[in-house]
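See below for the structure under consideration.
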Amino acid sequence: MENFKTFISEVKSPGWYTSLHRKQKGMFYRGEDPKTRRSGAGLGALGTGLYLTWEVGMAKAYAGLAKKGSVVKFKVPSNLKIADAYGKDVMDAKKKMGIDGYSADPMYAKALTFELKRMGYDGVVSDKVAEGLVIFDHAVRKVKKMGTLNLDESKGGAAAGKLELIRTNFAKAKKYVEKIHPDFDIEKEIPNFKKNYEYAQKLAKGGFAQRKDMPVIDNRDIKLLQKRLKSGAIDIARPFAKNDVPDDPFPQGLDKEMGDKWVSGGLAKNDGDAKDDIVDVQIKKVAVGNLKPIQSQIYFDKSIRNVAEFGAKGTRDFSASKSNFYVVSSDNRIIDGHHRFLSAVLVDPKIKVTALEIDLPIKDLLPLTLSYTDAIGNVRNK
């Protein structure tokens, strides 16, 4: 199978987007707010128009920025003229505008679009997964919406892999990559692969929880969880609210009705104390190699698949994305994001990732997040 990095490595070639389009069979994705149709941070780095990505995971990350975001699938026709974001024409357009790099000013996106449309382009594509592809407004009518992905079906309940990291020696892992991903030159892509693999194994040996006993937290759950913890809404401390939810800080297996009562029971109007349930939450940047996995079952084959498909650079870009959150305890123990963690460590343990740090020790945070994800209806992994 041809891998994404093969195409990206040909970025200087005029035909590299054609190869990417062929690999995707014209299918691209967009994470957006279903009401406003807005997506991402709205910086317009490539111009104005419809922003798309070839990676469902990245689209999910952008969907997570909206309260009830969704991932929409589009089919892009092959006859559109797409500029390379780092090619000569785009560089010339920026030079004419007097800009080196890009600007957050909306006028920048409009001016860049104007210049490239004059050259006959219908959009721009970047080799950075987080930037993706933009189709200019005049050509959007040629793009066909294929439907909305059902995120609830993919949220939790995911199948396990086959090669557990801590049970698979390096020789077997390398042989697996060579057999299953023959077009991926792992020694060229990741010169320190052996060192990084063994370091990941060392970290994973500290895991103690089974995969089926771990919470499943989607990126679109992050903001609401953060808000509820900081406001003390979740009823995790005495005095408990007077309702039919068990007087337990971490009640397990709650249905939606009971779950709704528990995630709001900590408010003063319900338990009489405005401060007893408040938990400090902070967003910080941390080297992925400094995170500590608690899940003992981390599957190498699941993590290396993304690395092989999107290349070391694509994996690095996604891992460092501000919308790609890891949920961690006060001592950097991972609650959610173990397979993304492994993908990043295999590429480079020094990659700075975004962590939502919840100020609780792991002995409290694990049962809390299990109760929370049960309460909001997330299905646990298989």
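At a glance:
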item: Where labels lie 7 Å past Cα in the beta-carbon direction, separation of LYS117 and VAL379 in nm; result: 4.4 nm
item: Trypsin sites (Lys or Arg not before Pro) restricted to region 248-284 and DSSP loop, no more than 14 other C-beta within 10 Å; result: LYS275
item: Whole-number Å³ per residue for the convex hull built on Cα positions in region 194-242; result: 164 Å³
item: Whole-Å distance, taken between Cα centres, linking region 307-323 and region 76-126; result: 23 Å
item: Fewest-first ranking of MET58, MET107, using other Cβ atoms within 10 Å as the exposure measure; result: MET107, MET58
item: Between 0 and 90°, nearest 10: helix 88-97 axis offset from the chain longest Cα axis; result: 80 degrees
item: Radius of gyration and maximum dimension Dmax of the chain, Cα, Å; result: 22.4, 68
item: Long-range HN-HN contacts of THR48 with modeled amide H, under 5 Å; result: THR113
item: Relative contact order of the chain, defined on C-alpha pairs under 8 angstrom at six or more residues apart (%); result: 19 percent
item: Candidates LEU346, LEU133, LEU149: whichever shows maximal mean-square fluctuation once the chain is modelled as a Gaussian network with Cα springs under 10 Å; result: LEU149
item: Amide H partners (placed H, <5 Å) of LEU360, local residues excluded; result: SER330
item: In Hz, Karplus ³J(HN,Hα) per residue of region 304-310 (6.51, -1.76, 1.60; θ = phi - 60°; x = Gly, Pro); result: 6, 4, 5, 5, 5, 6, 10
item: Degrees between helix 193-204 axis and first principal axis of the chain (Cα, 0 to 90, nearest 10); result: 20 degrees
item: 3J(HN,Hα) from dihedral phi, region 267-274, Karplus parametrisation 6.51/-1.76/1.60, rounded to Hz, x for glycine, proline; result: 5, 4, 5, 9, 10, x, 10, 7
item: Lysines whose Cα lies under 20 Å from that of LYS144, excluding same-chain neighbours fewer than 8 positions away; result: LYS23, LYS25, LYS35, LYS60, LYS73, LYS75, LYS81
item: Relative packing of peptides 240-249, 207-216 - highest average C-beta neighbours within 10 Å first; result: 207-216, 240-249
item: Under 5 Å, built H, 5+ apart or other chain: amide partners of ASP336; result: VAL327
item: GNM flexibility winner over the chain from ILE217, ILE335, ILE186 (Cα, springs under 10 Å); result: ILE186
item: Per-residue ³J(HN,Hα) for region 111-122, Karplus 6.51 cos²θ - 1.76 cosθ + 1.60, θ = phi - 60°, Hz, x for Gly and Pro; result: 5, 5, 4, 4, 5, 6, 5, 4, 7, x, 7, 9
item: Residue pairs, from the table LYS302/LYS322; LYS88/LYS110; LYS205/LYS230; LYS94/LYS142, whose Cα atoms sit over 28 Å apart; result: LYS205/LYS230
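Bear in mind these aren't lab numbers, they're just calculated from the coordinates by the rules spelled out. Remember, predicted model here, so these are calculated numbers, not experimental data. Every residue, glycine as well, gets a Cβ built from its backbone with ideal geometry; the counts of neighbours run over all protein chains shown.
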